[in-house]
Structure formats: structure tokens, C-alpha cells
Amino acid sequence: MEPQGPPAVKTTSLAGPVVSEPESTDGHNVEQHNMIPESGDRSVSLHLSTLHGMFSVNTLSFPPLVLIVGPCGAGKTRLLREFARQTGYPLYLLGPDLSRRLLEVPPEHRAREVPVALREHIAAFRSDVLLVDRIELLFAPILRQDPLRLLRQMSRTCSLVVAWPGSYQGDLLTYASPDHPEFRSYSHPGIPILSLGGDPDALPGPGPI
């Protein structure tokens, strides 16, 4: 187990998420994958194998939305990038792109612009599967979004594999800690979740927005 330090803190703004440490039922069978992180390539291979199974050419239909859930530093970004390298699926850094788009929109119209912008960005990739990272901006209270509901809506365009900073324990999906202004929780989300585990204390804690 890696040494435990102070909790990693993420805050969001229209300039994009500020990260204290780098990240180095729709007719489908719902399967929960709770994998304990291991060291080295074996852990990456296990998680990649799960994703390849979900999106195999032999699969009759891809799941519309898959979440890769884990705290800061669990390896979500590394896993997405390796899966992108092996499959050729594009990787979409949602926060930076959405932030640039919203800065051009008057503040009072930004909440309505979020789904419009995301739909256009996703469609522009012209891919059956899109890997999505850096979603923290969706949780900003000023944008008044329900992030999971929004991702479900966007997955009607193509299948999304999304890195979700948070935890999945006992059928409860969360983002941030309960005392954080961006905290969200979803009971029995009913979608495929690949949990990278980790220490709940490493979740985003209170911080300025």
C-alpha cells in the first residue's frame, strides 16, 4: 500500500479543475467490478482486460455508460490512456474543453449551455466509444448540473467510458466528501462500474470553489 499523505483536494472553476496532485439500465447486464489496486503492470492488465471484455468486437452491443471510479491517484487516467492506446478510441478531456466554451457564454446562460456544448464536442469525435477524463467541472454548483444524469444523456450519442473521481462502496456512488459543497451521492446507479478502490480519506475534501 502506498504511504498515506494529506487528502488530495480538487476544486473546480471555469478555468478547469485545480488538482493538488496529478492523476500519473438500458437493456444491458449490469456488472460491478471491485478490483483492489495492485502494484506494477499486473494491476493495469487486470483492469484493461475488464474493459476489453466490455467492448469486445464479439459483444452484441456496448454498454452506453461505464464508470471507472477511484480517488485521486488511483490510476484512472493511466488506465484510460492505456486503453486508448490499445484500442484507438479517442480520449476527451472534458474540463478544459468545456471551460473554454463556457468562458465565451454570459454567466446567466452557462447552465443551459453545458449539455449543448457536451453534445457537440462528443459528436465531433465521430466514434462509437469515447473515453472521458477530467469531469470535475460538471460538479461546480454554479453550473447547476446533475453529473450522472448528464452523462447518461450524453451516452445516447455514443458509448462513454468515464473516469469518475470518487468512490463506489456498498452500491453507493459518491463524489467528494459529504462536507464538500460539490458532494454528490447516487444509490444503486445501475450502470457498469469498475472500482479502483483506494482510501476514502483521499477523496476531495472541503476547499474554495
Residue by residue through the stretch 56-80, note down the ones that are over 11 Å from the mean Cα position of the chain (by Cα) and farther than 18 Å from Met154 by Cβ. Ser56, Val57, Asn58, Thr59, Leu60, Cys72, Gly73, Ala74, Gly75, Arg78, Leu79
Looking at Glu82 and the list (1) surrounded by 18 or more Cβ atoms within 10 Å (Cβ to Cβ); (2) closer than 30 Å to Leu46 by Cα, which single condition is not satisfied? (1)
If we ask which residues in the stretch 98-130 are of a type in the set (Asp, Glu) and surrounded by 18 or more Cβ atoms within 10 Å (Cβ to Cβ), their number turns out to be 0
In the stretch 69-85, what residues are hydrophobic (A, V, I, L, M, F, W, C) and not in a loop (DSSP other than H, G, I, E, B)? Val69, Leu79, Leu80, Phe83, Ala84
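Residue by residue, here is whether (1) among the charged types (D, E, K, R); (2) out of contact with any Gly (no Cβ under 8 Å at 6 or more places or on another chain) holds:
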| position | (1), (2) |
| --- | --- |
| Asp97 | yes, yes |
| Arg101 | yes, yes |
| Val105 | no, yes |
| His109 | no, yes |
| Ser127 | no, yes |
| Leu131 | no, yes |
| Leu137 | no, no |
Of the listed residues (Phe125, Phe83, Phe139), the one being at negative phi, within 12 Å of the chain's Cα centre (by Cα), of a type outside the set (Lys, Arg) and at pLDDT 95 or above is Phe139
Anything in the stretch 141-174 that is over 21 Å from Glu120 (Cα atoms) and touching a helix residue (DSSP H, G or I) at 6+ places or on another chain (Cβ under 6 Å)? List them, or say none. Ser167
Take the stretch 86-96 and flag every residue that is buried (at least 19 other Cβ atoms within 10 Å of the Cβ), within 12 Å of the chain's Cα centre (by Cα) and not in a helix (DSSP H, G or I). Tyr92
Counted residues in the stretch 106-165 being in a helix (DSSP H, G or I) and charged (D, E, K, R) come to 9
When you look at Leu173, is it outside any strand (DSSP E or B), touching a Pro at 6+ places or on another chain (Cβ under 9 Å), at pLDDT 95 or above and not hydroxyl-bearing (Ser, Thr, Tyr), yes or no? no
Here are Gly170, Gly166, Gly190: which of them is under 23 Å from Met54 (Cα atoms) and over 16 Å from the mean Cα position of the chain (by Cα)? Gly170
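The values are calculated or read from the model by the stated rules, or taken from the named source; none is laboratory data. Note that the coordinates shown come from a computational prediction; the quantities given were computed from them, not determined experimentally. Glycine also receives a Cβ, built like all others from the backbone with ideal geometry; neighbour counts cover every protein chain displayed.
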